[in-house]
Amino acid sequence: MTRPLALLGVVLRKEILDGLRDRRSIISALVPLALLPLMVFYMFQLASDRMERDREITVPVVGAEHAQALIDWLAQQSGVEIMPGPSQPRRAVSEGSVKFVLVVPDDFGQRFARSKTAEVQIVVDSSDESAERAARRARSLIQGYGQLIASQRLIVRGVSPEVVRPVQVETVDLETEQERAAKALAFMPMLLVMTIFIGGLQIAIDSTAGERERGSLERLLANSVPRISIVGGKWLASVAFSWASLALTGVLLLLILERSPLREMGLRLDIGPREIAGIVLVVLPLALLVTALQMAVATLARSYKEAQSYVSFLMLLPVAPMVLMMDTPAEYALWQLFVPVLGQFNLINDLIEGAAFEPLSYAIAASVAIAGAIGMLLLTARLFRSEKIVFGR
Amino acid sequence: MIEIRGICKRFGEIIAVDQVSFQAENGSVTALLGPNGAGKTTTLRTIYGLIQPDGGHVLVDGIDVAEDPSGAQARLGVLSESRGVYPRLTAREHVRYFANLQGLRRREADTRCSALVDLLDMTDIADRRAEGFSQGERTKVALACALVHGPQNVILDEPTNGLDVMSTRAIRSMTRALREEGRCVVFSSHVMQEVAAVCDSIVIVSSGRVVAHGTPDELRAATGLESLEDVFVALTRSEGGPE
């Protein structure tokens, strides 16, 4: 037992040294980190959506004297500040010196007094996302004012305002802060699972299909070294890269969540070092299986290029469980724990939602991954004994 | 000592090796001579256990390769047909890796490695990464890897293929040195001069069969021809091998 293990160590050390000198191996371990900014961007987007509701706006007004009542009413609304508008509204907006301008025409007062529809203009460049948002709020406030006046006029004429409002839509928004946060974190499991699909990929291919294509495999196998030591050493090197990539991503994720102003922006994320560490622990055993699977597939491929494309296809594997989980978000059946990737996703969701840690569930998902990894390793060791595989077909 | 007893190997329809038998003694160089595609590489691969013959036995120092491939491999040093290297490792790191794979301790591995670097005249490439090594340099690296554990039996598959004169000489003197040490050397070649220069015993194969076996003198006597090249042509042609 000690000799195969010692030899496994020899292979492992060589493959790690080889991997560290290979730019492509390093890149593949670092690629997942590049995905992090995407996730952060997404979370900021969510947070800013939320802030939009009670955004403060400044309303530059031209011709305020024609609609003093409207302007006074606007000024009383929370988060609204009135300021005198520029003399040339269109120019000011297209130059970007103001986001939008509210223009009250000269005849506003007359028409208003005669109960005719009085028009105001909002000058805005709607291609500017933030200007459009501010203008939207001003618009909805002015429409609210219009509704108010309409009701008053109807009442004066002895008509119930309800007559002209046959249907009213009221949206009951049940989204809680917790759920909003969960949405923000929804693709974190995916990100971390992807990390292990990418992190050790290059070594898995290079040490199998690559070694055969370069013509050093025959010499390696001609040595008196058990196949399982060779396969195991190569596998552990791949696992090491995968784990390193996962750990780096975890640490960076943690830093981002801790340091970014998401909390201040009103996105409360109940996720800290404990949760991130938990997720990483859930994903670690999965890395054993994923790298072993990648190696088996790369060994089966006829060439290096073929291995690369097959292994890339494997990256689609975690998508299926993701889709499955959209149907059954909260609860999951026991069998799901026995399905690699799916089980991990469920465990991660539990963690994010703050459910109590279930050692048994963790053990089941981890054991399945480990058993699968052993199966894949034995298969690869067997493939390394096949003449067709070793010498190509 | 390597004994090959009636091995056969077919790949689909093609019979690559057909009842090949010969014996390679210690302290002697045995050449497996034959045209391309005669089954030389396949025969050698059965010796180091990467190809299982359909029939027959291969014994390495009395160990049956089929029964104990690992035990047989431990007594073998193999220069395989493919001379691939790890492009990101230096020549010295290659040799050390194979030394460790053969179970040599660190100090022993370093000593052997330095000795081989000197012996194969590899000082200038020893600490360079193998990326861009010439065919000759790669052969030297591969040979050093094969010999690092001091195996009793040495298999060299077309050792001088594609080498320049200097490298060919280095390989040749290495082969002689191995014989002087009492080791059993088997090498394959399709080049007559190569075989004539170093071998004690010649096995001529054609279309997967042994067509003649003996010392150079015995072969000359048997065919009545003076030049080994003529002997080779006469023997392979009579068996219907390629011209």
Here are some conditions: (1) at pLDDT below 90; (2) assigned to a helix (DSSP H, G or I). A:TRP243 meets all but one. Which one does it not meet? (1)
Entirely in the stretch A:1-111, the helices (runs of 4 or more DSSP H) that have 1 or more residues that are more than 14 Å from chain B (Cβ to nearest Cβ) and either open to solvent by less than 40 Å² (accessible area, probe 1.4 Å) or touching a residue at least 24 places away in the same chain (Cβ under 8 Å) (or both): A:23-52, A:68-76, A:89-95
Return the pair list, or none, for Cβ contacts closer than 6 Å from residues in the stretch A:339-354 that are open to solvent by less than 30 Å² (accessible area, probe 1.4 Å) to residues that are hydroxyl-bearing (Ser, Thr, Tyr), at least 6 apart or on different chains. A:ASN346/A:TYR332
Can you report the number of residues in the stretch B:152-168 which are more than 20 Å from B:LEU33 (Cβ to Cβ) and free of Cβ contacts under 8 Å to residues at least 60 places away in the same chain? 4
Count, please, the residues in the stretch A:209-253 that happen to be open to solvent by 10 Å² or more (accessible area, probe 1.4 Å), of a type in the set (Lys, Arg) and more than 8 Å from chain B (Cβ to nearest Cβ). 2
For the condition touching a Gly at 6+ places or on another chain (Cβ under 8 Å) and either of a type outside the set (Val, Ile, Thr) or modelled with pLDDT of 95 or more (or both), what is the one hit in B:GLY12, B:GLY49, B:GLY56? B:GLY56
Positions within the stretch A:112-141 being among the hydrophobic types (A, V, I, L, M, F, W, C) and surrounded by fewer than 12 Cβ atoms within 10 Å (Cβ to Cβ), in sequence order: A:ALA113
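Using the structure shown, decide if B:ILE204 is of a type in the set (A, V, I, L, M) and within 23 Å of B:LEU76 (Cα to Cα). Working first, answer last.
Values: of a type in the set (A, V, I, L, M): yes; within 23 Å of B:LEU76 (Cα to Cα): yes.
So B:ILE204 passes the test.
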For the condition within 14 Å of another protein chain (Cβ to nearest Cβ), among the basic types (Lys, Arg) and touching an Asp or Glu at 6+ places or on another chain (Cβ under 7 Å), what is the one hit in B:ARG128, B:ARG138, B:ARG88, B:ARG105? B:ARG88
Any chance B:SER114 is surrounded by fewer than 23 Cβ atoms within 10 Å (Cβ to Cβ), more than 14 Å from chain A (Cβ to nearest Cβ) and over 19 Å from the mean Cα position of the chain (by Cα): yes
Residue hits (the stretch B:124-145; in contact with a Leu (Cβ under 7 Å, 6 or more places away or on another chain) and outside any loop (DSSP other than H, G, I, E, B)) are B:ARG129, B:GLN135, B:GLY136, B:THR139, B:LYS140, B:ALA142, B:LEU143, B:ALA144
What is the number of the single condition among (1) surrounded by fewer than 18 Cβ atoms within 10 Å (Cβ to Cβ); (2) at pLDDT 85 or above; (3) in contact with a Gly (Cβ under 9 Å, 6 or more places away or on another chain) that A:GLY144 does not meet? (3)
When the stretch A:181-225 is examined, which residues are found to be of a type in the set (D, E, K, R) and either modelled with pLDDT of 90 or more or not assigned by TED's automatic domain parsing to the domain that holds A:ALA301 (or both)? A:ASP206, A:GLU211, A:ARG212, A:GLU213, A:ARG214, A:GLU218, A:ARG219
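Here is a yes/no grid of residues against (1) within 38 Å of the chain's Cα centre (by Cα); (2) under 18 Å from A:ALA307 (Cα atoms); (3) in contact (Cβ under 8 Å) with a residue 24 or more places away in the chain:
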site: A:SER216; (1), (2), (3): no, yes, no
site: A:SER224; (1), (2), (3): no, no, no
site: A:LYS234; (1), (2), (3): yes, yes, yes
site: A:ALA240; (1), (2), (3): yes, no, yes
site: A:LEU248; (1), (2), (3): yes, no, yes
site: A:LEU253; (1), (2), (3): yes, no, yes
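Given the criteria in contact with a Phe, Trp or Tyr (Cβ under 6 Å, 6 or more places away or on another chain) and facing chain A (nearest Cβ under 10 Å), does B:LEU50 qualify? Full working, then the answer.
Values: in contact with a Phe, Trp or Tyr (Cβ under 6 Å, 6 or more places away or on another chain): no; facing chain A (nearest Cβ under 10 Å): yes.
Considered against the rule, which asks whether it is in contact with a Phe, Trp or Tyr (Cβ under 6 Å, 6 or more places away or on another chain) and facing chain A (nearest Cβ under 10 Å), B:LEU50 comes out as no.
The values are calculated or read from the model by the stated rules, or taken from the named source; none is laboratory data. Everything numeric here is computed off the predicted structure, so don't read it as measured data. In this analysis, Cβ positions are derived from the backbone assuming ideal geometry, glycine residues included, and neighbour counts consider all displayed protein chains. The protein model used for the area step is the full one, side chains on, heavy atoms only, and it has no ligands, DNA or RNA in it. Shrake-Rupley method; radii C 1.70, N 1.55, O 1.52, S 1.80 Å.
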